[in-house]
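To keep things clear, I will list the structure first and then write my remarks on it.
Any read-out appearing in this document is the output of simple, stated calculations on the displayed coordinates, not a laboratory observation. Just so it is clear, the model here is predicted, and its values are computed rather than measured. When we count neighbours, we look across all protein chains shown, and the Cβ atoms used for this are built from the backbone with ideal geometry, even at glycine.
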Amino acid sequence: MEYNDTIHHYGNFTNPQLITLSDFIYVYICPVMAVIGILGNTLAFIVLVRQPMKGFSVSVYLAAYCASGFLQWIFNIGPDWLISMTGSAYFRNMSDISCRFWQFLTHFLTFSGLWFLTGATVDRIIALWLPAKSQIMCTVFMAKNSLVFIMIGLTVVSIHAMWLFVLKDNYCEQEKEDNYLLPYWVWGSTLMLQLLPSLLLFIFGNMMFFRICLKHQFIQLPDASHNELDLTYTVMVLSFFNFFSAMPLGVTNLLALCYWTNNTDNQHTDFLINSLKAPLEYTNYLMWCSYTCAIFVLIGCCKNFRAGLNDCFKGVASCLTRDSSNIELQLMNGEYDQVPSTSTSV
């Protein structure tokens with residue numbers, strides 16, 4: 001088994017009678033999700049880095065989360081789909097360098113959104129439960145520094161793919177021969193990149209939910225006066241949604257790793273690993289939903305985001321109207337210049 005590798009097999013597309021539900025989802029639903037994910041994350045990122053959203057610390061984490069989802073569609077899922085549909089050569093299978101770099105990039109991008117969202121939940125937990133420290137810790141400056149540390153941690157965990165993968169028989173795979181570090185890195189990367197942030201999202205999401213429920217007991221929320229309550233709702237919903245999207249894939253990967261590291265030469269183990277291919281496919285599709293949900297949750301939960309989105313649309317409409325007016329004025333001036341004079345000399 002290759003950790004976080006594309007596990008879908010695309011041999012049934014030529015015969016419509018053999019197309020399974022998984023094939024149908026991949027061939028027809030995946031492009032729709034890709035378009036929604038790319039456009040939605042791009043639009044959400046633009047709004048989050050503009051006023052009135054960019055003044056909130058949690059917007060920094062959410063912008064990074066949207067950028068992660070965008071890059072995942074552009075560099076990971078999208079190329080896989082195009083290559084499988086066209087039969088083109090895969091970039092990662094061209095050389096040892098491309099194999100190692102692509103595996104590092106895949107490991108870094110796939111679950112980076114979970115950690116960015118975890119940073120947002122920590123920001124909201126501090127604002128809700130430790131309001132005295134929120135003025136110092138929940139700032140845009142601190143959020144940007146936290147993102148730097150998160151990316152450094154993701155790089156440290158993912159960089160091992162640069163020397164644990166190798167090109168064999170024109171296929172990029174994990175180096176298993178005389179590699180004692182491989183099982184430890186596979187387990188460590190699975191736990192650190194996927195399971196740990198998923199569990200933290202669930203725990204912190206429940207902490208936010210419990211603190212917000214206290215509002216109904218006539219206990220004032222500390223951040224209500226700062227117009228950040230909508231962002232707290234947004235982060236809480238995203239944390240639960242990402243937990244339920246990522247945890248099934250994490251558990252399935254964990255089972256496959258148990259079989260794989262137990263005894264790779266055992267036929268019974270190989271059978272168990274093959275039996276997990278279908279669950280891995282469907283849990284991957286479920287994980288893809290988390291790369292498209294940000295724009296919908298932000299629109300539904302955050303009033304400030306809706307206001308920023310409305311301003312963005314008004315700005316685009318104003319630019320288009322101004323350009324159209326300028327074009328009409330230029331045409332009119334050109335027509336007036338071509339009109340001959342009707343005055344006659346006496």
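Going by average Cβ neighbours within 10 Å, how do the peptides 149-159, 233-243, 29-39 rank, with the highest at the top? Intermediate values should be presented prior to the final figure.
Values: 149-159: 14.8, 233-243: 23.4, 29-39: 16.5.
Top of the packing list down: 233-243, 29-39, 149-159.
Viscosity 0.890 mPa s, temperature 25 °C: Stokes-Einstein D of segment 20-312 from its Kirkwood Cα radius, in µm² per second?
On the way: Rh = 20.4 Å.
Answer from the Stokes-Einstein relation: 120 µm²/s.
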Rounded to one decimal in nm, the spacing of the 7 Å Cα→Cβ label points at Phe313 and Trp163 is 5.3 nm
Based on Cβ point charges of +1 for Lys and Arg and -1 for Asp and Glu, what charge dipole magnitude is obtained for segment 20-312 about its Cα centre, in debye rounded to the nearest 20?
-> 1080 debye
Any chance you could get the radius of gyration and Dmax over the Cα atoms of segment 124-174, in Å?
-> 19.1, 60
Determine ³J(HN,Hα), in whole Hz, for all residues of segment 48-60 in sequence, where each value follows from phi through the Karplus function 6.51 cos²θ - 1.76 cosθ + 1.60 and θ = phi - 60°; x replaces Gly and Pro.
-> 5, 9, 10, 5, x, 8, 5, x, 9, 5, 5, 5, 5
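Can you figure out the FRET efficiency of Glu175 with Leu130, using R₀ = 35 Å and their beta-carbon distance, to the nearest 0.05? Present the calculation step by step, with values, prior to reporting the outcome.
Working: r = 46 Å, r/R0 = 1.32.
That gives a FRET efficiency of 0.15.
Order these peptides, 163-173, 130-140, by their mean beta-carbon neighbour count within 10 angstrom, highest first.
Working: 163-173: 15.5, 130-140: 14.0.
Ranking, from highest mean packing down: 163-173, 130-140.
Provide the FRET efficiency to the nearest 0.05 for the Ile152-Ile203 pair, computing r from the beta carbons and using R0 = 22 Å. Numbers along the way, then the final one.
Working: r = 23 Å, r/R0 = 1.06.
Calculated transfer efficiency: 0.40.
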Using modelled amide H (1.01 Å from N, peptide plane; none on Pro or chain starts), what sits under 5 Å from the amide H of Phe165, excluding residues fewer than 5 places away?
-> Glu175
